[in-house]
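One structure below.
The values are calculated or read from the model by the stated rules, or taken from the named source; none is laboratory data. Since the model is a prediction, treat every value here as computed from it, not as a measurement. Ideal geometry is used to build each Cβ from the backbone, glycine not excepted, and the neighbour counts take in all protein chains shown. With ligands, DNA and RNA removed, areas are computed over all heavy atoms of the protein, side chains included. Shrake-Rupley method; radii C 1.70, N 1.55, O 1.52, S 1.80 Å.
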Amino acid sequence: MSFSSLGLCPALVNAVCELAYTEPSPVQTAAIPAILAGRDTLVSAQTGSGKTAAFCLPILQSLIGKTPTSPRPVQTLILVPTRELAAQVGSTLRTLAQHLPQPVKLAVLFGGISINPQMLHLRGGADIVIATPGRLLDLIDQNALKLSAVNCLVLDEADRLLDLGFSDELNRILALLPSQRQNLFFSATISLEVETLAQNLLRDPVRIEIKSDEVSAPDITQRAIVVDANQRTQLLRHLIEHQKWSRVLVFVATKYAAELVAVKLRRAGLNAEPFHGDLSQGKRTQVLMDFKASRVRVVIATDVAARGIDISDLPVVVNYDLPRSSDDYTHRIGRTGRAGQSGVAVNFICADNANEAHFRLIEQRHHQKIIREIVVGFEPTKSATNAPPIVLDDNGGVKGKRPSKKDKLRALASAQNI
Ligand code: AMP
């Protein structure tokens, strides 16, 4: 299957070639023809499936040949739950649009930064607006833009938009849109709330469900290390140094923990930065840029980083604190093993935090069982599980036991610096 056989024009096919996308992903194969045909579409696809290009490509194609008027009326509105996702979708659109015969004007609108440059940018209108709901409404209230000409609405990560409590904002925005329009919903999971919204808004939608095993086979080795809660920072430092992790994203439960762990790692000489919702947008953007450019080795983040962030070369994700839900688990570990690379997801299980029962539930939801490990020098004072955990030496080998095939693979992975 090729991109051109999906009905995309040569300018867009050239753009995907330059991105080295050799063939469309399953979600792209299914969604692009439906969207090009003007159908409402409801897509359930996990993060990393290539869903962004699945809606960006047909949206850009729909703009070709339309003579721009002044001011440019907003034709496509893409609503996203987080600032980072807004920036990311904007950047994908910009890259894909570069060979189009006429320039496309994008406006990426999110809070946490001054509204004035966004108001200035909107003078003269925009073809495509990518926005978080709150800032979009602020700009509408200030008469900086109108939605009366929108002919395509995209809800990206619709489940997350609703989880984050954006339903009031969403209803206000929906009331401002023309009733004749194409609706595209993308959601990792079709929760009851998403289904209800879809039933109210979508007309005869094409339903596309991409199962996780169709998602370009993410190759993520999952590990669970039993450790005392107060030993986690030391263990993290030990693993980063001994397993030579070049770049690691660590998830914690609170903003305070993100700051604290980052300070402790910095004191130990590691280049670590916190990443959470209380940081200014400028600081968040800077941390991500430094992380991608390898100027920062460890980012300690709250779940604000669990969705949407695309760091193509991220070998390791650590759940220092376990996520609340199995969906959050999927999103967190999905930051690694992207774009065909392999990745490792390490979970710290604290007996003293009653993590074992919670992690077992996550395992059940994912239909898997992960071996409990103990790292020499970090043995927990309480046992988290009835089954004897496997004790690993510094090389990732099992102490006092012949290594299994899995252990050998793990040791190989750590030797290869994964
Ligand atoms: P997404 O699910 O949209 O966040 O995309 C996940 C990653 O897959 C991004 O790094 C995209 O650049 C990449 N990607 C999207 N489509 C393709 C494709 N057809 N072939 C290879 N990589 C892709």
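Some notes on this structure:
- Among the residues of segment 271-294, the ones that are surrounded by 15 or more Cβ atoms within 10 Å (Cβ to Cβ) and touching a residue at least 40 places away in the same chain (Cβ under 8 Å) come to 5 in all.
- Of the residues ILE78, ILE64, the single one that is in contact with a Cys (Cβ under 9 Å, 6 or more places away or on another chain), away from the ligand (no atom under 14 Å from the Cβ) and modelled with pLDDT of 90 or more is ILE64.
- Scanning segment 29-58 for residues that are within 13 Å of the ligand (Cβ to nearest atom), aliphatic (A, V, I, L, M) and touching a Lys or Arg at 6+ places or on another chain (Cβ under 6 Å) turns up just one, ALA45.
- The condition (being open to solvent by less than 10 Å² (accessible area, probe 1.4 Å), farther than 25 Å from TYR21 by Cα and not assigned by TED's automatic domain parsing to the domain that holds HIS331) is satisfied by just one residue among LEU201, LEU170: LEU170.
Yes/no matrix, rows are residues, columns are (1) more than 22 Å from the chain's Cα centre (by Cα); (2) more than 30 Å from LYS264 (Cα to Cα):
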residue: SER167; (1), (2): no, yes
residue: ILE173; (1), (2): yes, yes
residue: ASN200; (1), (2): yes, yes
residue: PRO205; (1), (2): yes, yes
residue: GLN222; (1), (2): no, no
residue: ALA229; (1), (2): yes, no
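- Residues that are within 21 Å of ALA45 (Cα to Cα) and among the aliphatic types (A, V, I, L, M) within segment 145-171 comprise LEU153, VAL154, LEU155, ALA158, LEU161, LEU162, LEU164, listed in sequence order.
- Residue ranges of strands (runs of 3 or more DSSP E) in segment 167-227 with at least 1 members modelled with pLDDT under 90 and among the charged types (D, E, K, R): 219-226
- Hits in segment 17-28 - residues which are near the ligand (Cβ under 7 Å from one of its atoms) and either open to solvent by less than 10 Å² (accessible area, probe 1.4 Å) or touching a residue at least 12 places away in the same chain (Cβ under 8 Å) (or both): LEU19, TYR21, GLU23, PRO24, SER25, GLN28
- For the residues ALA257, ALA253, ALA262, the requirement of being open to solvent by 10 Å² or more (accessible area, probe 1.4 Å), in contact with an Asp or Glu (Cβ under 8 Å, 6 or more places away or on another chain) and part of a helix (DSSP H, G or I) singles out ALA257.
- Cβ-Cβ contacts under 8 Å between residues 6 or more apart (or on different chains), taken from a first residue in segment 34-62 that is in the same structural domain as GLN102 (by TED's automatic domain parsing) to a second residue that is more than 14 Å from the ligand (Cβ to nearest atom) and of a type in the set (Ser, Thr, Tyr), are listed as ALA34/THR41; ILE35/THR41; LEU36/SER62; SER44/THR189; ILE59/THR76; SER62/THR76.
- Test: PHE3 is within 12 Å of the ligand (Cβ to nearest atom), at pLDDT below 95, surrounded by 21 or more Cβ atoms within 10 Å (Cβ to Cβ) and among the aromatic types (Phe, Trp, Tyr): yes
- Residue within segment 106-116 that is part of a strand (DSSP E or B) and open to solvent by 10 Å² or more (accessible area, probe 1.4 Å) present: yes
- Total residues in segment 332-371, condition within 16 Å of the ligand (Cβ to nearest atom) and either in a helix (DSSP H, G or I) or modelled with pLDDT under 80 (or both): 8
- Those residues of segment 33-61 which are at pLDDT 95 or above, open to solvent by 30 Å² or more (accessible area, probe 1.4 Å) and in contact with a Ser or Thr (Cβ under 9 Å, 6 or more places away or on another chain), in sequence order: LEU36, GLY38
- Some residue of segment 85-99 being more than 15 Å from the ligand (Cβ to nearest atom), surrounded by fewer than 20 Cβ atoms within 10 Å (Cβ to Cβ), assigned by TED's automatic domain parsing to the domain that holds LEU202 and not in a helix (DSSP H, G or I): yes
- Looking at SER114, SER179, SER167, just one residue is polar (S, T, N, Q) and closer than 30 Å to PRO33 by Cβ, and that residue is SER179.
- Residue in segment 146-159 that is open to solvent by 50 Å² or more (accessible area, probe 1.4 Å), aliphatic (A, V, I, L, M), outside any strand (DSSP E or B) and modelled with pLDDT under 95 present: no
- Counting the residues of segment 241-270 that are in contact with a strand residue (DSSP E or B) (Cβ under 7 Å, 6 or more places away or on another chain) and touching a residue at least 12 places away in the same chain (Cβ under 8 Å) gives 12.
- Residues of segment 123-142 that are part of a loop (DSSP other than H, G, I, E, B) and open to solvent by less than 30 Å² (accessible area, probe 1.4 Å): ALA126, ASP127, THR132.
- Restricting segment 41-81 to residues that are over 22 Å from the mean Cα position of the chain (by Cα) and charged (D, E, K, R) leaves a set whose member that is nearest to ALA20 (Cα to Cα) is LYS66.
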